[in-house]
Each structure stands twice: as structure tokens, then as C-alpha cells.
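Report on one structure; see the data block that follows.
Every read-out reported here was derived from the displayed coordinates using simple, explicitly stated rules and does not represent laboratory data. Note that the structure is a prediction, hence the values are computed from the model and not measured. When we count neighbours, we look across all protein chains shown, and the Cβ atoms used for this are built from the backbone with ideal geometry, even at glycine.
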Amino acid sequence: MIIKDLFVKDIDRDLNGVIKAEQTDDIYQELDEYVVTDELLKHFNDFFSAYCKSLDGPTDKIGVWISGFFGSGKSHLLKILAYILNNQDVNGRRPVSFFDDKIKDPLLLSEMKRAANSSCDVILFDIDSKAKTDSKVKESGLVETFMRVFDEMQGFYGFTPWIAEFERNLYKDNKYDEFKEAFEAVSGRKWEDRRDTAYFERDNIVKALTLSTGMSKEAAELLFDKAESNYSITIDKFADIVKEYCESRGNDHRVLFFVDEVGQFIGDNSDLMLNLQTIVEDLGIKLRGKAWVVVTSQQDIDRFVKETKNKEYDFSKIQGRFATRINLSSANTDEVIKKRILEKSDVAKDTLRSLYAEKSAVLKNIISFSSATSDMTSYKDENDFIEVYPFVPYQFNLLQNVFEVVRSHGAAGKHISEGERSLLGAFKEAASMFRGKNIGILIPFYVFYDTIEDHLDSSVKRAVIQAQKNESIKEQDVKLLKLLFLLKYVDRVKANVENLTTLMIDDIDVDKISLRSSIVESLDRLKRENYIQQNGDEYIFLTDVEQDINREIKSVNVDEREIIDEVMKMIFADIYDNKSFKYSSYNVFNIIRQVDGYNYGTMKGDITIKIVTPYFETPKTDYELLLMSKDSSTMILKLPDDTDCFDEVKEYIQTKKYINDKLNNAAEEIRKLINIKQSENDGREKRIKNQLANLIAAADVYIEGQKFDIKVNNPREKIDNGLKILVENVYTRMNYINVHTTGADDIKKIIKSNETKLSFTEEADNKLAIKELQKYLEEQRFIKSNYLTVKDIIDRYSSKPYGWNQLDIAGLIATMFKGGMVKISYNSEYISIDNKNVVDYLTKNSEIDKTVVEYREALDAKFLKKVKDVANVIFGQLDLPDEEDKLYSAVKNLVDKKIEIIKGYIAQYKNRYPGKKELDIALDLYSEMLHKKDEKEFFDKLIAEEDDLIEINEELEKVISFYEHQKDIFDSGLDCLKMVDNSESYISSQVIRDKSVALRRIIESPSPYAMIKEIPELVDEIGKEYEKILNERKEIAKKKILDDRKRVEENLQIECLSDDFKKRLLLYFDDFLSQLDRITQIKDVEALKSISDERYRGCIKEIDAEVYKVQNEKNYAKDNDQHEKPKPIRQVELKNYIGNLTILETEDDVDRFLNQLREKLIENLKEGRIRLL
């Protein structure tokens, strides 16, 4: 039996695989072959139940939303519902009668017939074909399209809406037919033939209007000329027009809009979505069930609303308006294909039943997938085999997925993107291709490429055509290339060798192993000719544009160093990103990381990981690698000689460079392809890292001249295990530390412990480490220029062969410091064990290079006794300790205190105080002691300076006594001399002069301590005499102030001056008298006299100015126009008129002087009155 004989219906019959709303040529076949599945039965029930409710009463729930994936049959269902409700005769039958045998539910069938017999106009249309080109960008685009199809249903010219409105108005006035007859009469042509060129028929239209309506020519012209500009449409107006139409056709008449591909038309345009919502809402509210809107969309309404969401709009109402929702699943499509295309005859069923019984085990073995989704299945059972054969069950969902992704990725042309290719048609054509084959064949998946080839973009077809013409490419290669295109954008199955082999099976008895081998050969040829690319274990179809991109990528130059750099980055930034190795909680080692001799990151570290790749030229042999690892603190990992991974690294870098170079300036189409390359490269990067991880896990390991077999699959674990071996072979004295220091608190405990001597018994903590450090420090003390800082010690003992951590080393130093084995200085100054900062000096990185550690040699008892004896004499301290450290600390504290005391007295020093020299000498002597670098030098200095210190202490006693007991008396003498010196020019008293000389001699003496007792008497005597002179001077000053006051008062005896003015001027002199009583120094008395005289002159000037001001105001008040201004008064000091003439010897001198004075006075009188001062 051949394939075409299996089916009930002729597989070669004409079949409209894609149903579109505007196609009505094959209505009979559509109705006759329409398959009502169980799922569709439920949807029919939901729809007609809702529709019939509107026949019984008003409702605003007049929306139906039909959704389903591409090719699911939603457009077909839309048309079937429209046919049933339109109820037009189809070859002598009503559409609903086709369902008498398809639907067994009598109640549903009854509702369908009731709905079909109801009065209605059905408007079925594909919105994309009816909408104008600008409808998607216009806010009113949707309602304009609804208005157009509604006008066209009535016979009006909906394409030009203002003409349709013109026609509608004539129709409402019962003048439309008369107008058409009149137009034909005056133009000789039918109106329907010429209305699309209405502008060219203006005169004929005007004439027809006048003839048919009786309006004047002018009115007709105005009506036509303004028709377009006066036209407008809103959703509210549209709903009113539909309502008016329904009412004109009778109370039970309805208008039904069946709209295909609304979802695709709206897309994510929130304005169009709002438009649709308002249309359905207004029709529902105004017509109350007399208008219905049935739409299709690939997405269900809830998801559609969510993806079109805009915070400015509220789309919640649309979900309520589309109360009836029909969602078609893939199961529905499968069932339709099985019944319309693949339904078998009884003989065929028996034949296939027998074949399945024989081959079921084989089918189970050959049809299997790796890394695929659960719906990539083989035959479930015998019945499944009979229903689906010669296809395989997985092909239904897979082909559906292919159609969806091909459309969404733009690899399909206009027709497939508009839905002109369906699953039904694809399966029918594929079966027809194999109609002459004997049963036992299986239709391979690549065949479906031929069913859609005519609808594909040229970039796809060119790639296949070029392969067909290529002599290096075989027929199977082309088939495989077609298959790879179908899988190009599909996620549910990986295009690896195993899956491609299964998808290419074309016979139940195929030798799958041989087929797999031939598939691999085909893939190699296709890859070599650049028709496909390999991405890991997957293979990807390349369009001709993608082939060009791949060629450009392969031409990108990448040198070996770039590959190594990328490998280093992937290994050390991802696979093993540790910068240090933690051997234990106390031993952490910094890692130097290398690949083929190149460093990754820092070149400083304690241990080295050196990875050797197949690119590394030398060394390569075991012997060479063993030599390289010896005495080098290095672990060598030699990766297997597998270059595939590194070839992928090169491709990764080439792709990365290409993307960086091209992305920003590429055209939109190329940019999309580059983005895909970026996604592929991201996957390639992950794959390379996995491959590198596997290579590391399989690598040979060389450490310290030995080869180690570390068998673990985890690369991180392998490296860690190798580093553990490395550390144990390099840091052989690491175990000298058996008790660890965990932090600053542990060091504080060491410092504050009561132990003063170190024990080196077998049980002693860290005895080996302390002996090691003690030996080293003792050796270093003979090198005078070698000062070892804590940092130096840390650097030495943290490196091989020790590997001690920083805190442990600090703990060792602290222990030796506490035990008196070392001495420590900070910033060139020795510190004691009690220093509060000693822990910071040993542990803080900012301090360790300023802290010096030295081997300490103990001082003998005789020397220390001498130190105690000298200290007793100098400081008077009898209870000094015997131990070296404590004695040093005690004496140093005494020196510190002495310095503090001396600095205190220096701070009190004033100019002319005695003892400054002695204080400075003492400060220098004691300070020099503190500058000594260690205890021995400090004690030597103390003993050497014993005599000088005793002598200076005796002088200090006098100075200290001065500050404690004589300073105030000395200050009184200084104040007395200052008082006398300030008034020296006004004092002629011999008493004061004699006593001041005596007082000055004491004050200026370098050692006045014995004479200070004389100061009080001298101060008293000087003070009394000074007081006497002060009082005499005050009396003279008082008389002067009173005289000045009197003269001012005399000048104030002018009637025009106010009392306040007079009081203000006299108050100056009253204040002077008060100040005079408080003055204690003669110089201030004399100064006040001068101030009073100046104030007198100032008052006279103020009086004259005030008088002039008042007189001027009075004159102005009398006569505003011509008042006489008073002459101003000028104050003149007579001495200014005398000039250089100060001695008069003859009468001529007198005459000459008087003549000069007279001339100057007369000259100045011209400018005003004169007051002589």
C-alpha cells in the first residue's frame, strides 16, 4: 500500500490551508470540511449561549475575543461564526445545516439555528487590509476603519468617508436613488463608477443635487465644497450612526462586526487599544446588544491588556466588555489535521495496526531526543500511530513552534507573516510529496521547509539555492541545511548531532548509526563551506547575510598572546578566582598566577600557579617540567594537548572584536544579527569555561621536581590539593609555630603576663620559632648598619621555608620583648614593655616599618648599682628597683618629670624675670639623656653628667623658690617702674628719680633673689611721691576744663539755640571732669587737658553752624522767593594770620604786621563773618 491510499479523502485535493476573513470563494468547502473538535464544541456553546441572551434582553457584554497561536484556526472559526449568523444561501443550503451531523448536542444546535434566523447584518473583514496606511499611527485609526466597513456594508463609498456621509444623508432624506439617477442623466455614467473621482465630477454632482433635491445651485455648490472639511468622526458619533441604522431596520435588527487580526493590528499601541475599548463600550451602552464585536488575536485578552499597559490609560473596562473569550489550543489544531488530512480508511487502519505491532520497539529506539522538551515525543500507542502516520507526533508542536519563531524573527516574507501559511496546509503538502511511497517510510522534518519556501525571505532562500548549486555539497547536505533553518530559532530541541539524526529519519528500518555518521560528514561539509556554524555541540543555519558576517569574523586578526590573555581571564577570574591559598586558619599564601609564562594580575606572591597550554612551545616533556618546578615554589599544571578549546577561544575573541567594531554603526538589520552573535558568544564563553575546567581537572601536576597524580574532577579542588602539596614541600619550617596568635588581644596578654623569663622546655610554646628568631637577631647585631624593623622580620619569616603569618611573628617578638631578649625602638626612641602603643607598633602596617627590633645584651649588677646611686643623689629617690627594665623605666620617668617641671617654669617666664639661663641649661641636660637610643647609653649619660646635674639642681632651687615665693613682689616692682617711665616727661621729683634708680638695679640684676626683699619699701616711697604730683596735676586740669566749659556756655547765650543743643555741648565737659577723678597716671591727666581744649574749639564751630542754619530757615519762612541768606561764620585761629613774623623790633614792624593782619581780615570778611580763636 502506498501513502496516498491510506487516507479517506484525496490527499491531492485543493484545500485552502489558510483561512482569511476577506476570502469567501470556498465557503462550501470551508463549511463542509470544518471539524468541530471537543474543544470547539465548548467554544460554540459559549458563543451562542451569550449571543442568544442578547436576543432575550438588553446587554452591554457584546464583545467576543478569540485567541490562539499562529495557525490555530482562529480566523477559520471567526468566519464560520460569521457564515452561520449571516445565514446566506450556500449552494442551496443554509450554513447552519452543515452542522446537523457535526454537533450532537440538540440544545446547542437549537441555539445556533435561533441565532442564524435572527435579523442582522454581518460585517466580516481583516482589519489590516481595510485600514488605511496611516491608521496605526492615528488615534482615530480604528474607529475610521469600523466606519468604513459599516458604510461599505450599506453600499456607501467607505474608502472616502466624507463621500459616504454625503451618500448617507441623501439616503436618510430618501433622495439617494433620485440623486444617482440624476447623476447618470447629466454625466452619462453611473454614480458608483465615478464617486471615487468626485472632485473631477463637481459640476455634475452639483447639477444632480439641484435636480434630485430641489436645492439651488449655490446651495448645492456650498454643500459639496464644504462636505470634506465639515466631516468628522468620533466613536460616540459612530455608535449613534450604528444605533440609528439598527432602529431604521426594526427593533430586533443587529449589526455584527467580525474583525480578524485585531491583536496584530493594535500591537503595543496604547492609543489604538483605548480606541477599541471605547468602541466596544459605546456600542454596548448605546445599542444594548444590538451591535456585537468579535475579534481575533494571537494573545488572550488578559495578556494583551498587560503587554499594552500604559499608566496613562485604564484598560480594565475592555476585559469586562469582552466577556466571551475563546482560546484555541494546539490540541485543537492537531485534531483538525488528523480529521481533515490524515483520517485513514478501514483497510489502512488494519495495515498500520499490523505495521505498528511489528515495528513499535524499533520506533521507540529510533525516535529519541537529547536535551529536548517533553512534547518532543514518539507514538504513544497503536491508535496514535494510526492517526498520525506517516508523520511523527512531535512534528505537530515543533512545526507550530517553527512557524511562530520564523515570523517573529523576520525570516519569513509578507505572506507567512500575514498568516497565509498554516499547519493544515503544510501537513497536507508534505503528505502529498510522499503520496507515491510505500508504507514504512516516515516523513522527515526537513520536508516542511519546502511547504513554506515560497514565503521565505530571499536571504534564506539564497543560502539554500547556493548550496544546491555548490558541487562540493551533496543532496543530503541540502536536506540537512533545510532542517537547520527550521530549527534556527527553536528552543525546544537542540540542533546537535543526535537530534538532527532523529529529525532526518525517513524510514522505520533506517540504520541510525550509519545515518548519524553521514550527518556528521554533512555537517563538516556545510561548516567548511560556511553555510552553517558550530556553537558548542549545536549547529546553526546561516543566511547569506550571516555568512558574510561569519566570513568577516573569521578574518579578524587574533594573535597568540590575546588567546592566552583571554584564557587567563577565564581561568583566574572565574574557574579559580582565589588570589590566595588558605592552608590553614593561620597560614594564607598569596598566589602568582601564570599561563604560558604570562602573568595574570600581581607579580608578587608566596607561591605560583603556572599553567602550560598546548600553545606553550617549551618545555613540554616531563623531564623539562620536573626541572622547571624544582626549587621554584611553583605548581605546574600541564593541560592536555586538546586545541579545540583554544580554537573556540580564538573564535570567541574574533566575534567579540567584530561586535565591538561594528555594532554602533551597523544598519538595523545587521545590528539584529550582531545581537544574535552576541548571544551566541555569551553561550560560547560559558562553554569555553566548562571546557577549560575539564582540561584543568585532567591536567598533569608538577611540584618541587615531582609529578603528582591528583585524581579529582573539580578544577578548583584539584588546584587546592596541588597547592596544599606545594606549601608542605616549600614551607618546611611552618610547623615551628605550634601555638598561634589570633589577634591583638593575644599580644596584649603576652605583654601583661607575669612571666619575665622564657622557658625552652619541650613543652614550651613556639620554642623552635623563638630560637630561630633569637639566633638571627644575635647574628645581625654585629652588622652595625643593619637595623631590622618589624616589617623586615615579617618579610623574612613569612617567606620560605617558614611561611609564618604576620600575627604569629608579632607574637614571637612580643614574647621575646617581654622576656628581655630584645629591645624595641619606635621612631628612634626605645620603648618600655609598658608602652601603651606597643601592640600597634608590632601589628599595624602603618607602624611596623618604623619599629626596630634589636638583640638585647643584659647589664651586670655592679653597673646597675652605680646607676641607682647616682639617681639617688640627683633625684633624691631611694626606693629604685634592681631589675634593668624597671630601673630604666623608673629613672626615665624621673627625668620626664624633671623636664616637665622645668618646662612649666619656662612657660611662666616673662621678660626681665631672672633664671631663664639656668632653666634652659637644665632642660638641655635632661633632654639629652632621653635622646639616647638604649638603656646602656641612657645610664652612661646619667653617670657622666652627675656633677653638672648636681650643680644645675642647686641653681634650679633658687629659680623655683623665686617662682613659688618672690614672683608677685618682683611683678610689683616691674609695674612701678612702668608707671614712672610712662610719665617721665611730666615728673621733676628727685625722690622719684633716686628711688627708681635703686629699684631698677634690683630688677635688672641677673641674681636678684637676695635683694627682692627691698622692693616693697621702694615701691611704697615712689608711689606716695607719685600720688602727690598726680593730685597737683589734676587740680590744674580741672581748672582748665571748667574754664573751657565756661567759655562755651557764654557762647551759647543766643536766643535761637535750643536747650537740647546747649545741654549736649556742655555735657562733654561734665564727662571730662568725671574721667579726671578716675585717672591714676599723670600722662593721662595731661592728655585730658588737650582733649578739653580741642572740644572747646569743636563746640564753637558747632554753635556758629547751628546759628547760621536757624537764621537761614527764619529768613526763608518770611519770603520764599527772595530771602536774604545770613553770612556764614568762619572760625580762624589768629596764629594763622601772623605767618613767619614772630618778633617785632621797631614801629615799622608793628605797622607792617597790623597792615598784613588788616588786609587778610578784610579779604576774609567778603566770604562771611569771622570768629577769632
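Close amide H partners of ASN327, meaning residues 5 or more places away or on another chain with modelled amide H under 5 Å apart, are SER67.
Projected label points at TYR171 and GLU955, each 7 Å from Cα along the beta carbon direction, are separated by 13.1 nanometres.
Ranking GLN1075, ILE285, GLN706 by how far each Cα lies toward the positive end of the dipole of the chain (charges on Cβ) leaves GLN1075 at the top. Put +1 on the Cβ of each Lys and Arg and -1 on the Cβ of each Asp and Glu in the chain; which of GLN780, THR741, ALA239 then has its Cα farthest toward the positive end of the dipole? Of the candidates, ALA239 comes out farthest on the positive side. Put simply, the amide H of ASP700, placed in the peptide plane, has neighbours under 5 Å in LYS638, leaving out anything fewer than 5 places away on its chain. This model, with +1 at the C-beta of Lys and Arg and -1 at the C-beta of Asp and Glu, gives the stretch 344-543 a dipole about its Cα centre of some 280 debye.
Under the classification rounded if a/c is under 1.5, otherwise prolate if a/b is larger than b/c and oblate if not, where does the stretch 160-233 fall, given a ≥ b ≥ c as square roots of the Cα gyration tensor eigenvalues? Rounded, because the longest to shortest axis ratio a/c is under 1.5. A cut-off of 5 Å between modelled amide H atoms, ignoring neighbours fewer than 5 places along the same chain, links PHE258 with ILE123, LEU124, PHE125, VAL294. Below 11 angstrom from the Cβ of TYR776, what's the summed charge of the other residues (Lys, Arg +1; Asp, Glu -1)? Within the 11 Å Cβ shell, the charges total 0.
As a proxy for reagent exposure, ranking VAL510, VAL493 by other Cβ atoms within 10 Å from fewest up yields VAL510, VAL493.
Compared with the alpha-carbon gap, the fully stretched path from LEU107 to ASP792 is longer by 236.6 nm at 0.36 nm per residue.
Taking θ as phi - 60° and the Karplus parameters 6.51, -1.76 and 1.60, the scalar couplings of the stretch 26-34 work out to 10, 4, 4, 4, 4, 6, 5, 9, 5 Hz in sequence order, x denoting glycine and proline. Over 28 Å apart at the Cα level, from the set LYS610/LYS767; LYS79/LYS104; LYS582/LYS767; LYS1046/LYS1127; LYS461/LYS494; LYS554/LYS579, are LYS610/LYS767; LYS554/LYS579.
From the coordinates of this entry, P(r) over Cα pairs in 20 Å bins from 0, in percent is computed, and it appears in (i) 11, 38, 37, 12, 2; (ii) 8, 18, 16, 13, 14, 17, 12, 2, 0; (iii) 10, 27, 29, 20, 12, 3, 0 under the label (ii).
Restricting the stretch 529-590 to trypsin sites (Lys or Arg not before Pro) that sit in a DSSP loop and have at most 14 other Cβ atoms within 10 Å of their own Cβ leaves LYS579. Would you work out if the stretch 443-499 is rounded, prolate or oblate? Take a ≥ b ≥ c from the square roots of the eigenvalues of the alpha-carbon gyration tensor; rounded if a/c is under 1.5, else prolate when a/b is larger than b/c, oblate otherwise. Oblate, since a/c reaches 1.5 and b/c is not below a/b.
Which entries of LYS866/LYS903; LYS638/LYS662; LYS482/LYS677; LYS172/LYS226 show an alpha-carbon separation above 30 angstrom in the structure shown? Checking Cα-Cα distances, LYS638/LYS662 exceed 30 Å. Note on ASN845 and ASP642: the model spin-label points, each 7 Å out from Cα along the C-beta direction, lie 4.0 nm apart.
Ordered by the number of other Cβ atoms lying within 10 Å of each residue's own Cβ, fewest first, THR145, THR373, THR741, THR59 fall into the sequence THR373, THR59, THR145, THR741.
The residues ILE831, ILE1054, when put in order of fewest to most other Cβ atoms within 10 Å, stand as ILE1054, ILE831. Each label was represented as a point 7 Å from its Cα along the Cα-to-Cβ direction; for GLN154 and VAL991 these points are 13.7 nm apart. Given +1 at the Cβ of Lys and Arg, -1 at the Cβ of Asp and Glu and no other charges, the dipole of the stretch 970-1026 around its Cα centre is 100 debye to the nearest 20. Each residue of the stretch 567-578 was assigned a 3J(HN,Hα) from its phi angle through the Karplus curve 6.51 cos²θ - 1.76 cosθ + 1.60 (θ = phi - 60°); the sequence is 4, 4, 4, 5, 6, 8, 9, 9, 5, 9, 9, 5 Hz, with glycine and proline shown as x.
Counting 0.36 nm for each residue step from GLU560 to GLN319 and taking away their Cα separation leaves a gain of 80.6 nm.
The ASP879 and GLU964 beta-carbon pair, evaluated with R₀ = 25 Å, returns a calculated FRET efficiency of approximately 0.45. 3J(HN,Hα) along the stretch 439-451: 5, x, 6, 10, 7, x, 6, 4, 4, 5, 4, 5, 6 Hz, from the Karplus curve 6.51 cos²θ - 1.76 cosθ + 1.60 with θ = phi - 60°, whole Hz, x for Gly and Pro. Evaluated with a Cβ-only charge set (Lys, Arg +1; Asp, Glu -1), the chain carries a dipole of roughly 720 debye about its Cα centre, given to the nearest 20.
A dipole drawn for the stretch 970-1026 from +1 and -1 charges on Cβ atoms has a positive end, and of SER1007, TYR986, LEU1018 the residue lying farthest that way is SER1007.
The calculated FRET efficiency for the pair GLU857 and LYS917, based on their C-beta separation and a Förster distance of 51 Å, comes to about 0.80.
Among the GluC sites (Glu not before Pro) in the stretch 604-698, those located in a DSSP loop and surrounded by at most 14 other Cβ atoms within 10 Å of their own Cβ are GLU617. Full extension of the chain between SER371 and LEU1165 gives 273.2 nm of extra length, using 0.36 nm per residue less the Cα-Cα distance. Between LEU55 and LYS217, what is the FRET efficiency for a Förster distance of 51 Å, r being their Cβ-Cβ separation, to the nearest 0.05? Efficiency computed from Cβ-Cβ geometry: 0.55.
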